[in-house]
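A.B. asks: Please find one structure pasted underneath; my questions will follow.
The values are calculated or read from the model by the stated rules, or taken from the named source; none is laboratory data. This one's a predicted model, so the numbers in the text were calculated from it and none came from an experiment. Cβ atoms come from the backbone with ideal geometry, glycine included; neighbour counts cover every protein chain shown.
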Amino acid sequence: MDEKSVKQEPQVSTAAPSVSDGAAASNNGAGAGEAAKIENAPSVVDDQSGVVIPVAGEAAPSSYSMLEPRMKKVYGAYYKELYYTPERRILDPKIQELISIAASLVAKCEGCLDGHMRKALALGATKEEISETICIAAAINAAAIIDETDRSAARLGLNHFPTHPTRQE
């Protein structure tokens with residue numbers, strides 16, 4: 001995949017599934033307009049395989065520069081199956097994007113966050129829904145920090161603030 005294959009403006013690639021292909025929106029309650037908005041995300045097309053790999057802006061192609069072509073195909077096929085095959089989707093597209101925002105925050109993937117935030121907004125996510133999503137990600141990250149410090153305390157034999165203080169007689 002070279003930089004010539006980057007689409008600067010959101011376009012639907014001919015390799016991407018079309019909403020008109022089968023029962024795209026009927027299985028999940030999503031309308032054709034919602035699926036079209038997701039499919040219009042910027043993407044890179046692998047020159048050898050034709051697999052569409054969604055990207056989050058102009059800087060994204062360099063993030064694939066370290067992957068050999070066969071791994072780009074694997075990633076592209078996985079991403080396409082997850083986000084661009086509406087007839088197989090179980091979750092509502094907006095819910096899928098809200099989950100993707102939370103996962104992007106926890107994974108600290110800036111490009112992912114930008115792309116999924118844009119898609120969620122395009123699918124009608126409200127500011128309250130996005131705020132709750134961010135709070136869920138923050139809570140999960142906080143729990144991970146607490147778990148990590150609990151394991152460290154156990155390894156080091158620390159118990160600064162015990163749940164049940166010992167009696168001193």
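A.B. asks: Identify all residues within the range 101-136 that are within 19 Å of Y64 (Cβ to Cβ) and in a helix (DSSP H, G or I); write none if there are none. Explain how you work it out, then say what you get.
C.D. replies: Filtering the range 101-136 for residues within 19 Å of Y64 (Cβ to Cβ) gives 104, 107-116.
S104, A107, E110, G111, C112, L113, D114, G115, H116 - these are the residues of the range 101-136 that are within 19 Å of Y64 (Cβ to Cβ) and in a helix (DSSP H, G or I).
A.B. asks: Within the set of pairs 6+ apart or on separate chains, which have a first residue in the range 101-120 that is closer than 16 Å to L82 by Cα, a second that is assigned to a loop (DSSP other than H, G, I, E, B) and modelled with pLDDT under 95, and C-beta atoms under 6 Å apart?
C.D. replies: G115/A56
A.B. asks: Still on this structure, I have one more. Before we move on, is D92 over 26 Å from G50 (Cα atoms), surrounded by 10 or more Cβ atoms within 10 Å (Cβ to Cβ) and touching a residue at least 40 places away in the same chain (Cβ under 8 Å)?
C.D. replies: On the way: over 26 Å from G50 (Cα atoms): yes; surrounded by 10 or more Cβ atoms within 10 Å (Cβ to Cβ): yes; touching a residue at least 40 places away in the same chain (Cβ under 8 Å): yes.
When the stated conditions are applied, D92 passes them.
A.B. asks: Name every residue in the range 111-148 that is surrounded by 11 or more Cβ atoms within 10 Å (Cβ to Cβ) and of a type in the set (V, I, T), in order of residue number.
C.D. replies: Residues satisfying the conditions are T126, I130, T133, I134, I136, I140.
A.B. asks: Exactly one condition in (1) buried (at least 16 other Cβ atoms within 10 Å of the Cβ); (2) touching an Asp or Glu at 6+ places or on another chain (Cβ under 9 Å) is not met by L105; state its number.
C.D. replies: The single condition L105 does not satisfy is (2).
A.B. asks: Could I ask something else about it? Looking at E87, E97, E68, E81, which one is closer than 25 Å to G50 by Cα, acidic (D, E) and surrounded by 16 or more Cβ atoms within 10 Å (Cβ to Cβ)? Can you show your working first?
C.D. replies: Numbers: E87 fails: surrounded by 16 or more Cβ atoms within 10 Å (Cβ to Cβ); E68 fails: surrounded by 16 or more Cβ atoms within 10 Å (Cβ to Cβ); E81 fails: surrounded by 16 or more Cβ atoms within 10 Å (Cβ to Cβ).
Going through E87, E97, E68, E81 in turn, just one is closer than 25 Å to G50 by Cα, acidic (D, E) and surrounded by 16 or more Cβ atoms within 10 Å (Cβ to Cβ): E97.
A.B. asks: Check A143, A77, A139, A56 and return the single one that is at pLDDT below 95 and assigned to a helix (DSSP H, G or I). Steps first, please.
C.D. replies: Working: A143 fails: at pLDDT below 95; A139 fails: at pLDDT below 95; A56 fails: assigned to a helix (DSSP H, G or I).
A77 is the lone residue from the list that is at pLDDT below 95 and assigned to a helix (DSSP H, G or I).
A.B. asks: Does A102 satisfy the condition of being in contact with a Lys or Arg (Cβ under 7 Å, 6 or more places away or on another chain) and at pLDDT 95 or above? Before you say what the answer is, go through the steps one by one.
C.D. replies: Details: in contact with a Lys or Arg (Cβ under 7 Å, 6 or more places away or on another chain): no; at pLDDT 95 or above: yes.
Criteria not met by A102.
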